[in-house]
């Protein structure tokens, strides 16, 4: 039995890898022996050291020309490199899972083009109708060209089941497709991280470690909503946060989710801080990101999956505002009061909120959401006809097993 998970699992932002590893784990627990593989719709083949981000290259193109540049680049990549490889991977797939993550997002047509190209490969491989769209995030804002591409993508995929990771995304997807759909809401697979990454988690100690997840202002202010001095203001916030934390007795760890822009900003900030503040190296794989967060007793973060992993590990977190998906997650988990609305929060208020978060036990809600997630995975397999099936071992595996038994 073969299942292919299509998203951006090998993105330098390792939150996407966390999603992939959790979906894979959830599937393998229910269909032992299945061959589960990743198809990265950005053409990556593995977790590799992050280099120059294509975002920075795209931003050098005049704004009006960026969608055309994105379409041209990815269409050529598909025709010259990806199509043959993707068709070979999809040819014998019993199920194709598209998700999770914020895949239905339109920044210069980036994801609409990638998803459309994937759908062409799915259709060419004869796998339309053997697709589940699972736990995706859907942006409210979508260009007319992006909307057209998503509609054509949906026709090519002909999903047998669809779910989003929050209510707002479900509503946005219905608006984009402009058709009646049964869309379920499934908690982000990242909440299963305590199970998936159990072997990589450090022993829990009460060391009063505060993890501050640093994010680049270039990423946080993609839409250009904030003023030009936003970079200086958010940088000052992070520095004052770290300095005051040490004064309050915290041991501070600076970390990122892996984005090269975030890493560069973190290193620049760390250079101006006390040496006792730990600047963690970039995590190379999702398990390292989870382990970095697992060292902390509490965290403060903009990045969605830093907050989700912390939640999965029962580590209190404060969510910082930059995208509605972060607020949606805090509301979904019944922790909306620990999300800070201000684009650049007040440092003193941040610590007051952190103190309150440390007093709250949210494990009961996590149990309910985890049950909801596992139920949705089971329903997906039932709908696809794979529930309860196991894959026979390959001949060489069977031979080795027999030899070992003898």
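The values are calculated or read from the model by the stated rules, or taken from the named source; none is laboratory data. Bear in mind that the values here come from a model prediction, so they are computed numbers and not experimental data. Every residue, glycine among them, receives a Cβ derived from its backbone with ideal geometry; neighbour counts consider all protein chains shown.
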(request) Determine which member of the set 293, 315 is under 24 Å from residue 206 (Cα atoms), outside the structural domain of residue 135 (by TED's automatic domain parsing) and not in a loop (DSSP other than H, G, I, E, B). (result) 293
(request) Tell me, yes or no, whether segment 194-210 has at least one residue that is over 19 Å from the mean Cα position of the chain (by Cα) and within 19 Å of residue 326 (Cβ to Cβ). (result) yes
(request) Run down 4, 70, 31 and say which single residue is closer than 24 Å to residue 217 by Cα and either surrounded by 16 or more Cβ atoms within 10 Å (Cβ to Cβ) or modelled with pLDDT under 95 (or both). (result) 70
(request) Scan segment 326-362 residue by residue and report those that are farther than 22 Å from residue 240 by Cα and surrounded by 13 or more Cβ atoms within 10 Å (Cβ to Cβ). (result) 326, 327, 328, 329, 330, 331, 332, 333, 334, 335, 336, 362
(request) Kindly list the number of the only condition in (1) without any contact (Cβ under 8 Å) to a residue 40 or more places away in the chain; (2) under 16 Å from residue 296 (Cβ atoms); (3) buried (at least 18 other Cβ atoms within 10 Å of the Cβ) that fails for residue 246. (result) (3)
(request) Give me the pairs, please: first residue somewhere in segment 329-350 and without any contact (Cβ under 8 Å) to a residue 12 or more places away in the chain, second residue anywhere and assigned to a helix (DSSP H, G or I), beta-carbon distance under 7 Å, and either six or more positions apart or on two chains. (result) 336/330
(message) I'd like to verify a number: residues in segment 88-117 that are more than 14 Å from residue 164 (Cβ to Cβ) and in a loop (DSSP other than H, G, I, E, B), how many?
(response) 8
(request) Only one of these is surrounded by 15 or more Cβ atoms within 10 Å (Cβ to Cβ) and more than 14 Å from residue 5 (Cα to Cα): 120, 60. Name it. (result) 120
(message) Looking at residue 268 and the list (1) surrounded by fewer than 17 Cβ atoms within 10 Å (Cβ to Cβ); (2) in contact with a strand residue (DSSP E or B) (Cβ under 9 Å, 6 or more places away or on another chain); (3) within 20 Å of residue 219 (Cα to Cα), which single condition is not satisfied?
(response) (2)
(message) Just checking, does segment 176-195 include any residue being surrounded by fewer than 16 Cβ atoms within 10 Å (Cβ to Cβ) and under 30 Å from residue 351 (Cβ atoms)?
(response) no
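Take segment 278-302 and flag every residue that is more than 16 Å from the chain's Cα centre (by Cα) and either in contact (Cβ under 8 Å) with a residue 60 or more places away in the chain or surrounded by 21 or more Cβ atoms within 10 Å (Cβ to Cβ) (or both). Break it down into steps so the answer makes sense when it comes.
Kept after step one, since they are more than 16 Å from the chain's Cα centre (by Cα), are these residues of segment 278-302: 278-282, 291-292, 294-300.
Across segment 278-302, the qualifying residues are 282, 291, 292, 294, 295, 296, 297, 298, 299, 300.
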